[in-house]
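J.: Here it is, the structure in full.
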Amino acid sequence: MLKKHAILSKCVVTTHPYQKDIINTKTYIITRGVKMKIVSIVGKKNTGKTSLTVKVIEELTKRGYNVASIKHSHHSIEMDKENTDTWKHKQAGANLVVGVGSTTFFNARKEHDLNRILYLLKHFDDFDFVIIEGYKSYNYPKIITSPDVKDEYTIKEVDSFTITPEEVSELADLIEERGHDIVDTLFANNCGYNDGEVIAGKIRQGELTVDDLDDVKSYLSIDGKVVGLNRFVSDYLKRSVIGVINTLNLKDFGVDDIGKIELLIPNENTPKSPADAECAIKINDKDLEINSFTRTIVSNSIKGMVSAIKTEDNVRTIDIEIMNIEKELIDADISLKTNGHDVEINEFTQGILKETIFAIISSLKVDEKIKEIKIKVEE
C-alpha cells in the first residue's frame, strides 16, 4: 500500500489503497476519461466570493468551456418555495426531491460529501470545469478573497471588489493551468508520482500539468467513496466492461454507438478480500510475463466470470483456451475446463468470454498480433 505523500523515484506498478476491495457493495463505474478541472473560491463573509465566482464562470463559459458550479453554505439552502408541490413532497418525508420542467433540480435532505458530488457530476455531463464557492476545508486549488483563509492549497489571493476584466482573464488562465480532477483519481505514468495528494500539490505549484497525467479511462465509486484507479486498472476495467457490452444487441435498446457507460452494481454480499491465485497466460503458445498485481487482477476476473456460469461448487482450477483468432473474434473457438472437466457453454456465453478475455489481454499491451490465448488459474 502506498503511503500518503510518498514519491517514488523509479517505475513500479503500485495499487491504490482501495484497489484490493473492488468487490465491495454498491459499485459505480463510469468509462470515459474526462479530465475535469476543479477550483474553489473561498474567503470570509462579505469578501466578494459570489461576485468573483460569477465573473470566473462567465469568463470560462465565454472561452467555450462546459462549466458546473457548486455553492456551499453553512445555512440551509432551499431550492423551492413554501407550498409548492415539490416543497410538499419534501415536507411529506421524501429524502430526495427532483423537480423537472424547463430546468431540473435535485433537493436532497442530506448534506453530501464534496467528492461524492464531484463524482456524480461526471454522470450528468462532460464538464471541463467545476467552480466551487466555499468548502474551504477541502484539498482543491483555492482562490481566496481574504488573507486569513490562506493555506497550502491557495494558488491566488484576489481582491474581488477591485479586480479588472483583464485580471479576471489572467485568473481564468491560472485556473486552466492549476485546476485538477478529484484528488484520488490523479496518477502520473506510474513512474515518479502516483499519490493523488502529491500530484495535486505539484499541479498547484506549476511543476506538473493535467496533460502530464495518466489518461484515465474509468472512474469508480464504492459505497459513495471515490476510489482512485491508475492507468492499467482503469484501462482494464474499461476493456472488460466493453467486452461484455459488445455481446449485447444494443440497437434493440436504441444505442447506436457506445459513448459514456454507467454501471451500477448493488452487491449485498459480505465484503471480503479476493483470494490470491496462480495465473499463467500464454499468447500464441508463448508465456506472457505478468507481475503479481496484474496476476491477481486477471485471476480474480476469470474466477468471477466462471463463477457466474455456475459450473461447479468448488472450482480449484480453470483452463480457458481461445484459438483461431486470425480473423473475426466471433468466429474463434473457445474451450473451458474447471477442475479438469470440460464445461459446455452456449453461444451467448462463449461470446461474453471471448470478448471479455480478449479485452483483458489487450489491456496488457501485448506486442504481437494475438492468434491464440491460453489461461490457467489455480488456487
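The values are calculated or read from the model by the stated rules, or taken from the named source; none is laboratory data. Keep in mind the model is a prediction, meaning the values are calculated, not measured. A quick note on method: Cβ atoms are made from the backbone with ideal geometry, for glycine too, and the neighbour counts reach across all protein chains shown.
J.: Which one of Ile309, Ile330 is in contact (Cβ under 8 Å) with a residue 12 or more places away in the chain, more than 19 Å from Tyr236 (Cα to Cα) and in contact with a Leu (Cβ under 9 Å, 6 or more places away or on another chain)?
T.: Numbers: Ile330 fails: in contact with a Leu (Cβ under 9 Å, 6 or more places away or on another chain).
Unique residue meeting the criteria: Ile309.
J.: Next question, about the same structure. State whether the residues of the stretch 232-252 include one that is small (Gly, Ala, Ser), touching a residue at least 60 places away in the same chain (Cβ under 8 Å) and surrounded by fewer than 19 Cβ atoms within 10 Å (Cβ to Cβ). Before the answer, list the steps.
T.: So in the stretch 232-252, the residues small (Gly, Ala, Ser) come out as 234, 240, 243.
In the following step, the residues that additionally are touching a residue at least 60 places away in the same chain (Cβ under 8 Å) were identified as 234, 240, 243.
Cutting the leftovers down to surrounded by fewer than 19 Cβ atoms within 10 Å (Cβ to Cβ) gives us none.
The answer is no, given that none of the residues of the stretch 232-252 is small (Gly, Ala, Ser), touching a residue at least 60 places away in the same chain (Cβ under 8 Å) and surrounded by fewer than 19 Cβ atoms within 10 Å (Cβ to Cβ).
J.: Related question: Look at the stretch 91-148 and say how many of its residues are farther than 16 Å from Thr185 by Cα and basic (Lys, Arg).
T.: Residues that pass the stated criteria total 4.
J.: Among residues belonging to the stretch 308-342 that are among the polar types (S, T, N, Q) and buried (at least 17 other Cβ atoms within 10 Å of the Cβ), point out the one that is nearest to Val244 (Cα to Cα). Give the derivation first.
T.: Filtering the stretch 308-342 for residues among the polar types (S, T, N, Q) gives 311, 314, 317, 324, 335, 338-339.
Still in the list and also buried (at least 17 other Cβ atoms within 10 Å of the Cβ): 311, 338.
Values: Thr311: 19, Thr338: 21 Å.
Among those that are among the polar types (S, T, N, Q) and buried (at least 17 other Cβ atoms within 10 Å of the Cβ), it is Thr311.
J.: Of Ile163, Ile175, Ile155, which residue is in the same structural domain as Leu220 (by TED's automatic domain parsing), part of a strand (DSSP E or B) and either within 30 Å of Val227 (Cβ to Cβ) or touching a residue at least 24 places away in the same chain (Cβ under 8 Å) (or both)?
T.: None of the other options fit; the residue is Ile155.
J.: Now for a separate question. Can you name the condition, by its number, that Thr349 falls short on among (1) within 25 Å of Leu237 (Cβ to Cβ); (2) at pLDDT below 90?
T.: Among (1) within 25 Å of Leu237 (Cβ to Cβ); (2) at pLDDT below 90, Thr349 violates only (2).
J.: Let me ask you something else. Being in contact (Cβ under 8 Å) with a residue 24 or more places away in the chain, in contact with a Gly (Cβ under 8 Å, 6 or more places away or on another chain) and not acidic (Asp, Glu): is that true of Ile265 here? Step through it out loud before you land on a result.
T.: On the way: in contact (Cβ under 8 Å) with a residue 24 or more places away in the chain: yes; in contact with a Gly (Cβ under 8 Å, 6 or more places away or on another chain): no; not acidic (Asp, Glu): yes.
Spelling it out, it is not the case that Ile265 is in contact (Cβ under 8 Å) with a residue 24 or more places away in the chain, in contact with a Gly (Cβ under 8 Å, 6 or more places away or on another chain) and not acidic (Asp, Glu).
J.: Would you mention how many residues in the stretch 79-126 are outside any helix (DSSP H, G or I) and either under 23 Å from Ser69 (Cα atoms) or in contact with a Leu (Cβ under 8 Å, 6 or more places away or on another chain) (or both)?
T.: Filtering the stretch 79-126 for residues outside any helix (DSSP H, G or I) gives 79-84, 92-113, 125-126.
Right, trim to either under 23 Å from Ser69 (Cα atoms) or in contact with a Leu (Cβ under 8 Å, 6 or more places away or on another chain) (or both) and you get 79-81, 95-113, 125-126.
So the answer is 24.
A quick yes/no check of all residues on (1) over 30 Å from the mean Cα position of the chain (by Cα); (2) β-branched (Val, Ile, Thr); (3) more than 15 Å from Lys376 (Cβ to Cβ):
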| residue | (1), (2), (3) |
| --- | --- |
| Asn246 | no, no, yes |
| Lys260 | no, no, yes |
| Pro266 | no, no, yes |
| Asp331 | yes, no, yes |
| Thr338 | yes, yes, no |
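J.: Please state which one of Thr311, Thr338 is touching a His at 6+ places or on another chain (Cβ under 9 Å), assigned by TED's automatic domain parsing to the domain that holds Arg295 and of a type in the set (Val, Ile, Thr).
T.: Details: Thr338 fails: touching a His at 6+ places or on another chain (Cβ under 9 Å).
So the residue among Thr311, Thr338 that is touching a His at 6+ places or on another chain (Cβ under 9 Å), assigned by TED's automatic domain parsing to the domain that holds Arg295 and of a type in the set (Val, Ile, Thr) is Thr311.
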